[in-house]
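The values are calculated or read from the model by the stated rules, or taken from the named source; none is laboratory data. Owing to the predicted nature of the structure, the values given are computational and were not obtained by experimental measurement. Here the Cβ positions follow ideal geometry from the backbone for every residue, glycine too, while neighbour counts run over all protein chains shown.
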Amino acid sequence: MPTYLVEEYGSELTPSELNAVARRAHRAARQLACSGTPVRWIALVALPSDQTCLHLYEASEASAVHEAVSLAAITVERLTEATYRTPTDLADSCVHGGSRREKDVDR
């Protein structure tokens, strides 16, 4: 499934406010997924000094993400298709004789 990044700009949020936004985003995506819309909220990254929140979603199409953020009352400033990597993506990494090999990841 494609991955999408949602940019939300606004005021600086406290940790409890960030938790509330994350809970709303997760709950809305889960509600839509349970009703048959293929969408999953992955993470929230806050950039306090920029007064920005970045939400990462997986969805069959951008319209599913728009539906999820609307349900979560998140203001979308920008929504773009994105890619990301996690340590799990590099799980086949190994070090042998001083050289490092990592598996190729195509996400």
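State whether the residues of region 62-70 include one that is β-branched (Val, Ile, Thr), in contact with a helix residue (DSSP H, G or I) (Cβ under 9 Å, 6 or more places away or on another chain) and under 24 Å from Thr86 (Cβ atoms). Yes; the residues of region 62-70 include at least one that is β-branched (Val, Ile, Thr), in contact with a helix residue (DSSP H, G or I) (Cβ under 9 Å, 6 or more places away or on another chain) and under 24 Å from Thr86 (Cβ atoms).
Give the residue, chosen from Ala33, Ala20, Ala43, that is more than 21 Å from Arg85 (Cβ to Cβ) and touching a strand residue (DSSP E or B) at 6+ places or on another chain (Cβ under 9 Å).
Numbers: Ala20 fails: touching a strand residue (DSSP E or B) at 6+ places or on another chain (Cβ under 9 Å); Ala43 fails: more than 21 Å from Arg85 (Cβ to Cβ).
Of the residues listed, the single one that is more than 21 Å from Arg85 (Cβ to Cβ) and touching a strand residue (DSSP E or B) at 6+ places or on another chain (Cβ under 9 Å) is Ala33.
Taking the numbered list (1) more than 23 Å from Leu13 (Cβ to Cβ); (2) exposed (fewer than 14 other Cβ atoms within 10 Å of the Cβ); (3) hydrophobic (A, V, I, L, M, F, W, C) in turn, Val45 passes all entries but (1).
Of all residues in region 10-28, those that are assigned to a helix (DSSP H, G or I) have Cβ atoms under 8 Å from Cβ atoms of residues that are surrounded by fewer than 14 Cβ atoms within 10 Å (Cβ to Cβ), 6 or more apart or on another chain, in Arg24/Ala73.
Yes or no: Ser35 over 17 Å from Leu79 (Cβ atoms), surrounded by fewer than 13 Cβ atoms within 10 Å (Cβ to Cβ), at pLDDT 95 or above and of a type outside the set (Lys, Arg)? Considered against the rule, which asks whether it is over 17 Å from Leu79 (Cβ atoms), surrounded by fewer than 13 Cβ atoms within 10 Å (Cβ to Cβ), at pLDDT 95 or above and of a type outside the set (Lys, Arg), Ser35 comes out as yes.
Rundown of residues vs (1) surrounded by 14 or more Cβ atoms within 10 Å (Cβ to Cβ); (2) farther than 23 Å from Arg23 by Cα; (3) at pLDDT 55 or above, yes/no style:
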| position | (1), (2), (3) |
| --- | --- |
| Tyr84 | no, no, yes |
| Leu90 | no, yes, yes |
| Val95 | no, yes, yes |
| Gly98 | no, yes, no |
| Asp104 | no, yes, no |
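Of all residues in region 46-84, exactly one satisfies the criterion of being assigned to a strand (DSSP E or B) and without any contact (Cβ under 8 Å) to a residue 24 or more places away in the chain, namely Leu47.
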